[in-house]
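Heads up: the structure comes next, in structure tokens.
Any read-out appearing in this document is the output of simple, stated calculations on the displayed coordinates, not a laboratory observation. This one's a predicted model, so the numbers in the text were calculated from it and none came from an experiment. Every residue, glycine as well, gets a Cβ built from its backbone with ideal geometry; the counts of neighbours run over all protein chains shown.
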Amino acid sequence: MNTNRFSVNKQNADVDTGRRTFLKVAATGSAGLTLGISLSAGAQSRAVADTALEYNAFVSITPDNAVRIYIKHLEMGQGVYTGLATCVAEELDADWAQIVCEHAPVDTAKYANLLMGQQGTGGSTAMANSFMQLRRAGAAARAMLVAAAAQRWQVPADDIKVSQGIVSHASHSATFGELAIDAARQTPPANDNLKLKTPDQFQLIGSESTLRKDVGKHNGTAIYTQDVQLPGMLTAVVAHAPRFGARVRSFDATAALARKGVHQVFEIDTGVAVVADDYWSATKGRELLQIEWDETRAETRSSETLLQQYRSLVETGGTIAEQHGNAVTTLTNASDTMELVFEFPYLAHAQMEPVNCVAQVSGNSAELWYGCQSATGDQMAVAQLLGARPQDVKINTVFAGGGFGRRANPMADYVLEAVRIARQVPDTAVKLVWSREDDMQGGFYRPAYAHKLSAALDSQGNPTAFRARIAGQSIMAGTSMAAMMVSNGIDNTSVEGLTEFAYDVPERQVELHTTDVGIPVQWWRSVGNTHTAFSKEVFIDALARKADIDPIEYRLSLLGNNPRETAVLKLAAEKAGWGTRELPEGWGRGVAVHTSFGSTVAEIAEVSVQGNNFKVERVVAVIDCGIAVNPGVIRAQVEGAIAYGLSAALQDELTLTDGVVDQSNFHNYQVLRMNAMPIVETHILPSTNAPSGVGEPGTPPIAPAVANALADATGQRLTRLPLRLA
């Protein structure tokens, strides 16, 4: 097995994976400085000559003056290379130009997501969990460089300055590279002894001029799974059943094997695999397969049938997820009430790069190359499949072309599929490729849901009681996360956003009907907030209109105990010109505010309407995400989140007919086109709080903001996604 190097068909893209090993500081001084910070509070790390450094390698400084930072989260376009490198470089006082980023190896003990307990990327947690950890890594490196300089120059360490990658004192100066070997011999400081900067001392954190470090995307040298090329590598595709739950009854591969370039055809758990010299040969071989499917256990219901069942379910009481007071009695006795029913379709992730993975199996060990989002989970799943130890499964992480949750599959579906195929072709690298059609029609989806929201109103139109009923599939049931995320039959991700209600309503009850459907589902960008924010914010807007109160004023009156939502709402109103800037005839304006992943976002949408057609013209967004490490990255993420949410609001809908997915590619699952993208203005609320989520919180408010704008322009209250006036 080739464990040291892999090559790709891109200029200057040869990567030495062996350089991620821990440093041994030899007497010859041939090594550089490798640093990390202990994950356990108060733990001290130490460096001893001729022994490995005993803590996690986040930072490596080599004599050529490169500062290499090992990023434990997958870079899939969200900017973690840049954000986490900024934290290190800030405390290290490095020159940004000398910073080089790489994905860290898979090692849960060293690179666990501190908020998850395992190595993985998701939940908008990268900056939230790594902010202090990476700053400490930079500060530790700086302290060791300073100690080395003080020893070399025989001067007090406190008198030494570090700036832009230069360590200096009076007439002495040295680059990081010149001090790296001596610094590696220093004892790393304990966490308690580190001197971190105060926000007023930041030079890189909060800077607008920080260039992104996920380089190569502009000139084609960035490395993705599809670029990986290994000696003798083969390509595989899989013929999956047209209906979920179906299995292979029999197949005839005679014609496929006769196709030039096809090497093997065999059955695996998920279908029939075709292994060939290249993707073209593999797909052509797949087209020639004759497969008879056993659909005894297949899901054969249509999506509309399921939604009809969900509509019936929300008319009945469900399992109580949250209860305050006696909302049911208050609703029963109220003289003034409002009820709305909401519907949400299945959604595909539709990431630009469909899932893929390169795997090579030798005995019961394996090596993989792909955009790995769930490192610990995938490593353990592969190890279990092979009967191996986790450390016998090596994962080389490369860039991913978007994820939105799809690559962090709790079943490790496509990863295990790649390993099952590679196991049949031992000691040979096999690249499994899913086409967009494969992923669209045989992947995992955001579940379909129905909601029914009810409120009792006082004489001023304020809600005195609120009840929400939700029907839909659990994304956690049957996964390793069920024990943590499902309690008393309640999947927290099904109800988040409606539980812990943002608005001040004294009596509340949230109920859930969890359905049993054979359609595979998993998290989708912003998870449960994708649907709960919509029903909550459209419902609140409807209550405001019914009370004849300005929608922002109505919200503010119910947010007295919520200063963060109050602040972003007020700033959004100011920046959008709410109440002060007149709109053209036929236009409408709508607002939504929502908190998710520790951050609060308010969005105001302006729409123009002509007949049954409308266009989103402008969106003003305000986000409170704590300290803004990279404002440019934050704005890009909010804009991307709005585009992603708009796509679902305006047109995305995955439907099934008799259990078969109707959509197959971007021609009939039309993600947002450039000409439909509105002008977006993003404002970051100044904050000194610790950083919180950025990648997902911008998605939930956009659909309700647009729906509320349409209600403002037309008087129609739309409660089904995607939004259609006719």
Straight-line reach check, residue 161, cutoff 29 Å on alpha carbons, 8 or more apart in-chain or any other chain, hits among lysines -> 24, 195, 197, 213
Sorting 646, 373, 605 by the position of each Cα along the dipole of the chain (Lys, Arg +1; Asp, Glu -1; all at Cβ), the one nearest the positive end of that ordering is 373
Long-range amide H partners of residue 74 with built H, under 5 Å:
121
What is the fewest-to-most order of 353, 102 by other Cβ atoms lying within 10 Å of their Cβ?
102, 353
DSSP beta bridges in the chain [antiparallel fraction, %, rounded to 5]:
75 percent
With a 10 Å Cβ neighbour count serving as the proxy for reagent exposure, in which order, fewest first, do 614, 176, 266 appear?
266, 614, 176
Per residue of the stretch 699-707, what does 6.51 cos²θ - 1.76 cosθ + 1.60 with θ = phi - 60° give for ³J(HN,Hα)? Whole Hz please, x for Gly and Pro, Karplus curve as stated.
6, x, x, 6, 4, x, 4, 5, 4
At a Förster radius of 30 Å, what calculated FRET efficiency corresponds to the Cβ-Cβ distance of residue 675 and residue 211, to the nearest 0.05?
0.55
Taking the Cα centre as origin and putting +1 on Lys and Arg beta-carbons and -1 on Asp and Glu beta-carbons, what dipole magnitude results for the chain, to the nearest 20 debye?
1040 debye
Environment charge at residue 548 (Cβ cut-off 14 Å; Lys +1, Arg +1, Asp -1, Glu -1):
-3
Starting from the Cα gyration tensor of the stretch 577-726, take the square roots of the eigenvalues, sort them a ≥ b ≥ c, and report rounded, prolate or oblate (rounded when a/c is under 1.5, otherwise prolate if a/b is larger than b/c, else oblate).
oblate
Residue-wise, which Karplus ³J(HN,Hα) couplings in Hz belong to the stretch 496-501, taking 6.51 cos²θ - 1.76 cosθ + 1.60, θ = phi - 60°, and x for glycine or proline?
4, x, 9, 6, 6, 4
In order over the stretch 456-473: 3J(HN,Hα) from phi, Karplus 6.51/-1.76/1.60, θ = phi - 60°, whole Hz, x for each Gly or Pro, gives 9, 10, 8, 5, 8, x, 8, x, 9, 8, 9, 9, 10, 10, 10, 10, x, 6
Based on other C-beta atoms within 10 Å, arrange 454, 687, 664, 535 from fewest to most.
664, 687, 454, 535
re the chain: pairs of Cα atoms spaced beyond 51 Å account for a percent value of 18 percent
